1. For segment 294-323 and segment 116-147, compute the distance between their C-alpha centroids and round to whole Å.
2. If the limit is 32 Å between Cα atoms, which of 310/377; 157/265; 111/291; 48/78; 130/214; 154/387 go over it?
3. Calculate how many DSSP beta bridges within the chain are antiparallel, expressed in % of all such bridges and rounded to the nearest 5.
4. Given Cα pairs under 8 Å that are at least 6 residues apart, what percent is the relative contact order of the chain?
5. P(r) of the chain in 20 Å steps, Cα pairs, percent per bin?
6. So how do 128-141, 386-399, 284-297, 211-224 stack up, highest first, on mean other-Cβ count within 10 Å?
7. Using the basic label-point model (7 angstrom from Cα toward the beta carbon), what is the residue 274 to residue 159 distance in nanometres?
8. Output wanted: per-residue J couplings in Hz (rounded whole) for segment 334-339, from phi through Karplus 6.51 cos²θ - 1.76 cosθ + 1.60, θ = phi - 60°, x for Gly and Pro.
Amino acid sequence: MIKSILPKTLYNLLKKLYHSSFGIWVRLKFLLLYLFYLNIIHKIQIKKIRKKSKIKVLFIVINKIYTFKFYILYNFLKKDARYEPLILLCPCTDLLTGGIDNNQSYDDDYKMFISSNFNVMLAYNANSKKYLNVEIDLKPDIIFYTYPWPHTHKNYKIERLKNYLSCYVQYSFHVSYLNKAQYNAQFHNLLWKAFYETKTHLKFAQETADNNGKNVVVTGYPGIDIFLDDSYIPQNNWKIENNQVKRIIWSPHHTIYGFDEHDLKYSDFMEYHQFFKNFITNNNDFQMAFKPHPLLKRKLIMHPEWGLNKTNEYYSFWENQPNTLLCESDYHDLFLTSDALIHSCGSFLTEYLFVNKPVAFNLINSEILNRFNDFGKNVLKTYILTKSEKDILDFLNDIKNNLDINKNKRQIIINQYLQETNYTSASQNIYNYLNHVFKN
């Protein structure tokens, strides 16, 4: 609009000024001033909430079920008479096409929450084609976001709901070098509290965020709480019950060539999709679960060398063989009942570490090592780095022979994490923090 009103020469001058060092300095000062104002608003909100007998906690979930890391925290709140937790399932705008994600995924996620006895509402009414209004219809006191990207309707973005006490937990255990994107988007600066994984992640925020990470609380990562719960009994979904038949997970990332918007290039799928298929077909002393990143299938369908039919056939193979398993949903039980993981993913780099079983990372090229942050690089020191089919076969042979050469290295990082989180689950730490802030 401004471009159409101003003379071209003046518009270009203002544009250069906006992007100049001075323009950046001015924008930063305005942001800091606004954050100061927002901090005052948050303090007023806290005083109001402390006087309430019921505290409404809203979890805004964009319909990507894998981003929801609050199962345990939700149940803490549900059991506490002072809290009223509610999940609002919001439609996701498709990352690749810009349209609304398919209704089937939206409905499936809703059914999952219902079957797990969560109090859940749909943000979008398909019949009336209307979106629920958070401020008018729900009036929450606290909002937890599960996803930082603006891939949903404007009603559910933090810019619209910035005056609420908004909280966030990373949707993955952050290990990539994309610190600016993960810590200094407008979303991160507008949060009331960001509950981050470790002191290292706090440091990333302090070094990167415009607000210097002043809204960060180190609590641990709720996504791994279940792996550290000795009382939890996982469900066994493997087809072969014989424990002598080793249970291997292969989990390729979605960053295939041509569909890697952040240039991470982690994915090993194109290099090894046929290898793993051949291996499991010819080795009855193993069973293997195919646990692809949720975005991989969509990208393969759009890939000129794959498409819908080839992708469906490949996924069907893993679903239907006597010694294979296709996992496209929750993976916690799968991890806990496995013998080893081979992967090229980001968050799994750390998540599976806490299962404390043998793990290999398929390193397509050495440059990938530079695409991890300091925490990720440290975790990789506990890994077997497989760079060829032979390396993978050697790793699988070690699993067959019950060899685990890196167990002590993994335990050192696990102990460091437990020490930083006071040997308490992340969910418990977040729950304790809320109780501390909102004491009457």
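1. If we compute the Cα centre of each part, the gap is 33 Å.
2. Table pairs above 32 Å Cα-Cα are 310/377; 130/214; 154/387.
3. Antiparallel: roughly 10 percent of the beta bridges in the chain.
4. 15 percent.
5. The calculated distribution, bin by bin, is 23, 55, 21, 1.
6. 211-224, 284-297, 386-399, 128-141
7. That separation, rounded to one decimal, is 4.6 nm.
8. 4, 4, 5, 9, 8, 9
Where a number appears in this text, it was derived from the coordinates with a stated rule and is not lab data. All of these numbers come straight from a predicted model, not from anything done at the bench. Quick reminder, even Gly has a Cβ in these numbers, built from the backbone with ideal geometry, and neighbours come from all protein chains shown.
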